[in-house]
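J.: Would you mind keeping the following structure in view while I ask a few things?
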Amino acid sequence: MKRPIAALAGVGSYAPKRIMRNAEFAALGLDTNDEWIVQRTGIRERHIAEPDETNRTMSAAAARMAMERAGVVAGDLDLIVLGTASPDRLLPSTAVDLQAEIGASRAAAFDVMAACSSWLYGLIVAEGLMASGNAETALVVGSEKLTSIVDWQDRSTCVLFGDGAGAAVLKRSEGGKGILSTFMRSDGNLAELLYRPAGGAAHPFSQQVLDDRSYFVKMEGRETFKYAVRSMSEAADHALARAGLTGQDLDLMIPHQANIRIIEATARHAEVPMDKVYVNVDRYGNTSSASIGLALEEAIAAGRVKEGSTVMLVAFGAGYTWASLIVRF
Ligand code: COA
């Protein structure tokens, strides 16, 4: 196990007030129902951002909570890393909008794009920049307004996703607390199993793009499911091995919240009993890069993460990308 460099000094989250329950999809003319969605995914409801709620406002709310809990002010931050698959604009980054919103004028700010793995990728990048002396106090945020990029006519995807933000402030580790091990990987050969075909530079916006709805998220659900289980299991193995720990040593595992069956399969593989796995996919759906931060903030508030707790975070997302991280609080 390496000596920790970065500690999670404060964690924050934000979820829009508006809650949409599974039964509401029928009113949109979709042939789906609560029973199907709950059985296949474990999702019962999700939070939906209002038109005036953006990644700028949601990420700032999560960031302010994390900063207050870490005892830092915006002027202390020298790094902001933001993960999002649903940026407010394509240029510039959402991270600089967050920087302006909170007034973190000393920071370098940029986005990382690893879809649902972005928050863990962001934590690992920030830890590396702290190790190389480029940052002392970092803010890492995952923020998503996925409901603006899913196709509300496609029942196989739109029922899965929700909006929100999660954030952590990283400070230099003291007393053995902090990130104990990390792992990250991707496979770009699988990019088109979960992607937005058009709207970027390769297929810019056009009338045809609008007509064929190719700017919305497309997903091969079954393939994604299989790879998610395999990749999150691999990520868990690597983080545990690198920390010299086993599943039994963990106080809590917080997997990316996409689907209860993926979470259960990953936990079984890692030999972590479900009473040590944090689950809130039923109330948020898949919030992509926001999911693990949202769940971690809830777990801390619920007393499930205390001083001394060893927690494993595991993610999987489009790319495909996958990552894991073990942290001692
Ligand atoms: N309501 C009702 N029926 C639905 C539906 C919905 N919301 N979505 C799909 N179906 C139908 C399909 O059209 C299909 O019908 P058919 O047999 O008549 O063709 C049937 O249900 C089975 O579809 P399939 O895609 O094989 O179901 P599944 O058991 O694989 O479940 C997912 C679908 C999307 C829930 C599942 O594949 C999954 O969770 N995949 C991973 C998704 C994920 O987590 N992505 C993000 C990763 S970060």
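Taken together, the values in this text are just the output of simple stated rules run on the coordinates, not laboratory data. Remember, predicted model here, so these are calculated numbers, not experimental data. Positions of Cβ are backbone-derived with ideal geometry, glycine not excepted, and every protein chain shown enters the neighbour counts.
J.: Of the beta bridges DSSP finds with both residues in the range 180-328, what % are antiparallel, to the nearest 5?
T.: In the range 180-328, approximately 75 percent of DSSP beta bridges are antiparallel ones.
J.: Could you rank the peptides 266-277, 104-115 by their average count of other C-beta atoms within 10 Å per residue, with the highest value first?
T.: Put in order of decreasing packing, that is 104-115, 266-277.
J.: On a straight-distance basis, which lysines could pair with Lys276 in a cross-link, Cα separation under 22 angstrom, same-chain partners fewer than 8 positions away excluded?
T.: Cα-Cα hits under 22 Å: Lys177, Lys306.
J.: What's the ranking of 310-319, 234-243, 118-127, 183-192 by average number of surrounding C-beta atoms within 10 Å, highest first? It would help to have the intermediate numbers written out before the result.
T.: Numbers: 310-319: 26.5, 234-243: 21.1, 118-127: 28.1, 183-192: 15.0.
Answer by packing, highest mean first, reads 118-127, 310-319, 234-243, 183-192.
J.: Choose one of Thr54, Gln257, Thr246: the residue whose Cα lies farthest towards the positive end of the charge dipole of the chain (beta-carbon charges +1 Lys, Arg; -1 Asp, Glu; about the Cα centre).
T.: Thr246
J.: Something else about it: Highest mean first, how do 82-93, 25-36 rank when packing is the count of other Cβ atoms within 10 Å averaged over residues?
T.: Working: 82-93: 19.8, 25-36: 12.9.
Highest to lowest by the protection proxy: 82-93, 25-36.
J.: Can you tell which of Val314, Ile43, Leu210 lies farthest toward the positive end of the dipole of the chain, using +1 and -1 charges on the Cβ of basic and acidic side chains (Lys, Arg; Asp, Glu)?
T.: After comparing all options, I get Val314.
J.: Lys/Arg Cβ at +1, Asp/Glu Cβ at -1, dipole of the range 135-224 taken about the Cα centre: which of Gly221, Ser181, Val141 is farthest positive-ward?
T.: About the Cα centre, the residue reaching furthest to the positive side is Ser181.
J.: Here's another thing I want to ask about it. Expressed as a fraction of 2.2 N^0.38 Å, the rule-of-thumb size for a compact globular protein of N residues, what is the C-alpha radius of gyration of the range 180-328?
T.: Dividing the Cα radius of gyration by 2.2 N^0.38 Å gives 1.15.
J.: Roughly what % antiparallel, to the nearest 5, for the DSSP beta bridges in the chain?
T.: Antiparallel: roughly 70 percent of the beta bridges in the chain.
J.: If you don't mind, there's one more thing I want to ask. Given Cβ point charges of +1 (Lys, Arg) and -1 (Asp, Glu) and nothing else, what value in debye, to the nearest 20, does the dipole of the range 6-176 about its Cα centre take?
T.: 240
J.: Counting alpha carbon pairs within less than 8 Å and at least 6 residues apart, what relative contact order, in whole percent, applies to the chain?
T.: Computed over the chain, the figure is 25 percent.
J.: Let me ask another. Assign unit charges at the C-beta atoms only (+1 for Lys and Arg, -1 for Asp and Glu), then state the dipole size of the range 180-328 relative to its Cα centre in Debye, rounded to the nearest 20.
T.: 20
J.: Which lysines does Lys145 reach when only Cα atoms under 26 Å apart count, and residues fewer than 8 places away in its own chain are ignored?
T.: Cross-link targets: Lys17, Lys218, Lys226.
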